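Contents: one structure, followed by commentary.
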Amino acid sequence: MQILVDYTIPSGKKLNSGKVREIFAVDDEHLLIVTTDRISAFDVVLPDPIPLKGHVLNQLSLFWFEKATPLIKNHIVTSDVNEYPAPFTGDDRLKGRSILVKKARPLPVECIVRGYISGSGWKEYQQYGTISGIELPEGLVQSQKLPEPIFTPSTKAELGEHDENIDLRKAADLVGKDLIDKVRSVSLAIYTMASELALEKGIIIADTKFEFGIIDDELIIIDEALTPDSSRFWPRQGYEPGGPQPSFDKQFVRDYLETLDWNKTAPGPNLPEEIIKKTSEKYVAAYELLTGKKLPAD
């Protein structure tokens, strides 16, 4: 497996370069999405890549998209580089870290499901007793399991800005009531399915973020699904509510960065080799625990 450093593809038309993904035009109906080894924290892309991270995100998304197929269709066409059209065909750099997808119209909301109280949800609860306007029982502690999973949408921020938690009414204003009700229902269904499977494998999915889009008036799931970048993964063993939990996700990097004298604006600081190595190991461990497989080379 290669750390992807060169983000250009000869004759490939790049449409967008995000925090982690590179998106290329294929034709009027398809895109190629390449998942790099970049890592971001506090909305800043850090200068050091994390080996194998792109493979983990890509392969784990493929795993969950397949598991969720009975609940909702996805945008995947193929992840076999030998089936890609030119100029992407057979490019070894793309093996294991790319997907050919149908082009969709993304919904302008982040679709977050929380099964446990943590992160920005915990901060809001401490202040108001709510998350995204949803009233919660009194006396909850940090990292506690919620009585039932909740759907808490947010806005999609521009690069360098922060998403804003919104209530269901504001989300309905953005996409329509019928559509947001459907998105809420399928988001909760996917989370429930995945969290039950993950718990059997020794991982608590505390919360996660989904992206949805529209193709031919049909709702589908797009982007990534239930990865360490889009979710909080905690080890089931040793779980104890009442404070922060150890994690399989990039919270490990955030925790290190919090020890630095850094103002959380670009450019980000370099990561020590030990932090890079441990972060890579955490990503790979999450993949292998959840899937029961070794991370494939392609």
Of the criteria (1) under 25 Å from LYS123 (Cα atoms); (2) touching a residue at least 24 places away in the same chain (Cβ under 8 Å); (3) open to solvent by less than 70 Å² (accessible area, probe 1.4 Å), which one ARG184 fails: (3)
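Scan region 264-298 for residues that are of a type in the set (A, V, I, L, M, F, W, C), part of a helix (DSSP H, G or I) and exposed (fewer than 14 other Cβ atoms within 10 Å of the Cβ) and jot them down.
Selection gives nothing.
Test of understanding: among ASP255, ASP261, which residue is more than 19 Å from PRO51 (Cβ to Cβ), in a helix (DSSP H, G or I) and either at pLDDT 95 or above or open to solvent by 40 Å² or more (accessible area, probe 1.4 Å) (or both)?
ASP255
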How about region 102-133: which of its residues are free of Cβ contacts under 8 Å to residues at least 40 places away in the same chain and either at positive phi or open to solvent by 20 Å² or more (accessible area, probe 1.4 Å) (or both)? TRP122, LYS123, TYR125, GLN126, GLN127, TYR128, GLY129, SER132, GLY133
Considering region 263-290 alone, what residues qualify as being without any contact (Cβ under 8 Å) to a residue 24 or more places away in the chain and hydrophobic (A, V, I, L, M, F, W, C)? ILE275
Mind checking which residues of region 42-56 are surrounded by fewer than 22 Cβ atoms within 10 Å (Cβ to Cβ) and more than 21 Å from LEU295 (Cβ to Cβ)? PHE42, ASP43, VAL44, VAL45, PRO47
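For (1) more than 14 Å from ILE222 (Cα to Cα); (2) buried (at least 16 other Cβ atoms within 10 Å of the Cβ); (3) not small (Gly, Ala, Ser), each residue gets a yes or a no:
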| residue | (1), (2), (3) |
| --- | --- |
| ASN58 | no, yes, yes |
| LEU62 | no, yes, yes |
| PHE65 | no, yes, yes |
| ASN74 | no, yes, yes |
| ASN82 | yes, no, yes |
| LEU94 | yes, yes, yes |
| LEU100 | no, yes, yes |
With the condition kept exactly as written, say whether any residue in region 192-202 is closer than 20 Å to GLN142 by Cβ and not hydrophobic (A, V, I, L, M, F, W, C). yes
Can you tell me which residue among ASP216, ASP207, ASP255 is within 30 Å of VAL77 (Cα to Cα) and free of Cβ contacts under 8 Å to residues at least 12 places away in the same chain? ASP216
Scope region 241-267; condition touching a Ser or Thr at 6+ places or on another chain (Cβ under 8 Å) and more than 23 Å from TYR283 (Cβ to Cβ); matching residues: PRO241, GLY242, GLY243
Looking at ALA86, ALA68 in this structure, which one is of a type in the set (Gly, Ala, Ser) and out of contact with any helix residue (DSSP H, G or I) (no Cβ under 6 Å at 6 or more places or on another chain)? ALA86
With the structure loaded, tell me whether ILE203 is open to solvent by less than 60 Å² (accessible area, probe 1.4 Å) and over 28 Å from ASN165 (Cα atoms) or whether it fails that test. no
Among residues of region 20-37 being open to solvent by 10 Å² or more (accessible area, probe 1.4 Å) and within 12 Å of ASN58 (Cβ to Cβ), the residue modelled with the highest pLDDT is ILE33
Among (1) open to solvent by less than 40 Å² (accessible area, probe 1.4 Å); (2) touching a Phe, Trp or Tyr at 6+ places or on another chain (Cβ under 8 Å), the one test that PRO246 misses: (1)
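The values are calculated or read from the model by the stated rules, or taken from the named source; none is laboratory data. Everything numeric here is computed off the predicted structure, so don't read it as measured data. We place every Cβ from the backbone using ideal geometry, glycine too, and count neighbours over all the protein chains shown. Ligands, DNA and RNA are excluded from the accessible area calculation, which covers all protein heavy atoms including side chains. Shrake-Rupley method; radii C 1.70, N 1.55, O 1.52, S 1.80 Å.
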